[in-house]
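The values are calculated or read from the model by the stated rules, or taken from the named source; none is laboratory data. Everything numeric here is computed off the predicted structure, so don't read it as measured data. Cβ placement follows ideal geometry from the backbone for every residue including glycine, while neighbour counts extend to all protein chains displayed. Accessible surface areas use protein heavy atoms only, side chains included; no ligands, DNA or RNA. Shrake-Rupley method; radii C 1.70, N 1.55, O 1.52, S 1.80 Å.
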Amino acid sequence: MTGEQLRELIHRDVDGDLSPSEQRELAQALRRNPSARKLHAELTALGTALSSVPQVEPPANLVNRIRADIRSRISTPEPRRTRVASLRALLGTPSVLRYGTVFTGGLVTGALLFMFLIHPQPSANVSGDAATGTLLTHAETFQIDVSGAKGTLTAIPTETGKELTFRLTCGASTMTKITYDPSRVKLENVREVQSTGGPVVVNEGVVQMTGTGSQKCTLAFTGVYRDSRISVQIACAEGGKFSKEIQVR
Amino acid sequence: MTEQSDEDLVRQCRAGEIKSFDVLVERHQRTIFNLAFRMVRDFDDAADVSQSVFVKAYENLERFDPQFKFFSWLYRIAVNESLNALEQKKRFEGLDGNDLAAETADEKDDDAVREERRIQDGLMMLSVDQRAVIVLKHMQGLSYREIAQILDLPEKTIKSRLFSARQTFKDILKKKGVRRDDRRTAS
């Protein structure tokens, strides 16, 4: 067993994650290795100390504060499902509800047919010129509605060594998670909440990368809340061209 | 009478029964408050974060995916809101919480209070990523899988982040001269 494997076993033991055979394996290793024994004792004590920290009583009025806040917000626009419930109450009798449902269903079907067959759109979640693979020059600005959605934005410079700049701005009160490859992308002025190579939560900032003509720069985004939106401006240095691709799912 | 599940209450709430959401608030407010408190340290900020968590959850209830546990979803919002609160505090006050981790234990405080304060001081010296996994694992008692769902990261990443966080935390406490609670481990 390597030192790294032993350390992992020790940590997993602290978390109560070992199988009986792994526990035996660890016990044997600890008998042979005093420094591992010391680490095991220290981490076990730490785990115990952390778990023993008492719970804090929330303020007595917290529940009432939350209730009042929610009720003040729903007095005007209700959540969508609530509106369905209200509609049901308004329509009253089951037969009226049935005919109403059929009629509404017809309207919705018609609208969908119009949207997708008669009036096709490149992506329902993207405003501005965001058609897949469109060749663009200089700069392009558009918005991506990322409400509860995941997606990727990829830009590919068509010439070698052209620097691409993404200017990303997310709504101040919304949470939009943008992940990127830190080895390929330089972030400037980015308000970063999480980091260390993992996903970064960004509210606003500039993302820069230098493409080589064949390299792609891909940013993945997740809209955590309703109305999460990213405003994106992609600019290519010295009038270079680039193509971009947006996928939202 | 049997207690209604979170999932049932969410369903009722989506159908317009706001009182069902009140039950969810009652049920989870203490846990969410404690998570927020360990993340942001400040009592009032933790209350604000908790309020914001439930309001956001209510407003986005239609987006909740029932294949996940409701409390995991709440936790996720709570972690994000805590990070937002810390970030705002940092922006407005130029503090990141570490500055608040001053040794302020009074002589009159008993051992348990001093120990808790030392632990919280140590927590605030971790990065927010590390703090989140330590709090979720040790103070909320969640599994690797649950933490992975909450933070939207692979389980493997959670394990390695937790292991390095614990190592860092141990070193921080050692540097700060934190007493190991021998009485607890000996008993």
Neighbours by Cβ (under 8 Å, 6+ apart or cross-chain): first from the stretch B:52-67, without any contact (Cβ under 8 Å) to a residue 24 or more places away in the chain; second in a helix (DSSP H, G or I) and among the charged types (D, E, K, R): B:Val55/A:Asp69; B:Val55/A:Arg73; B:Glu59/A:Arg73
Residues that are open to solvent by 20 Å² or more (accessible area, probe 1.4 Å), closer than 23 Å to B:Met39 by Cα and not hydroxyl-bearing (Ser, Thr, Tyr), drawn from the stretch A:10-52: A:Val14, A:Asp15
Inter-residue pairs, beta-carbon under 6 Å, first under 19 Å from B:Val135 (Cβ atoms) and surrounded by 22 or more Cβ atoms within 10 Å (Cβ to Cβ) and in the stretch B:75-103, second polar (S, T, N, Q) and modelled with pLDDT under 70, 6+ apart: none
Matching option when the condition is open to solvent by 20 Å² or more (accessible area, probe 1.4 Å), without any contact (Cβ under 8 Å) to a residue 24 or more places away in the chain and not small (Gly, Ala, Ser), among B:Lys170, B:Lys137: B:Lys170
Subset of the stretch B:140-160 (residues that are within 8 Å of another protein chain (Cβ to nearest Cβ), modelled with pLDDT of 90 or more and open to solvent by 30 Å² or more (accessible area, probe 1.4 Å)): B:Gly141, B:Thr157, B:Lys159
Elements of type helices (runs of 4 or more DSSP H) in the stretch A:7-80, at least 3 residues being more than 7 Å from chain B (Cβ to nearest Cβ) and under 30 Å from B:Gln12 (Cβ atoms): A:62-74
Members of the stretch A:55-70 found to be surrounded by fewer than 17 Cβ atoms within 10 Å (Cβ to Cβ) and under 28 Å from the mean Cα position of the chain (by Cα), listed by number: A:Asp69
Test: B:Gln120 is part of a helix (DSSP H, G or I) and either at the interface with chain A (Cβ under 9 Å from one of its Cβ atoms) or open to solvent by less than 50 Å² (accessible area, probe 1.4 Å) (or both): yes
Out of B:Asp48, B:Asp8, sole residue that is more than 27 Å from B:His138 (Cβ to Cβ) and not assigned by TED's automatic domain parsing to the domain that holds B:Ile119: B:Asp8
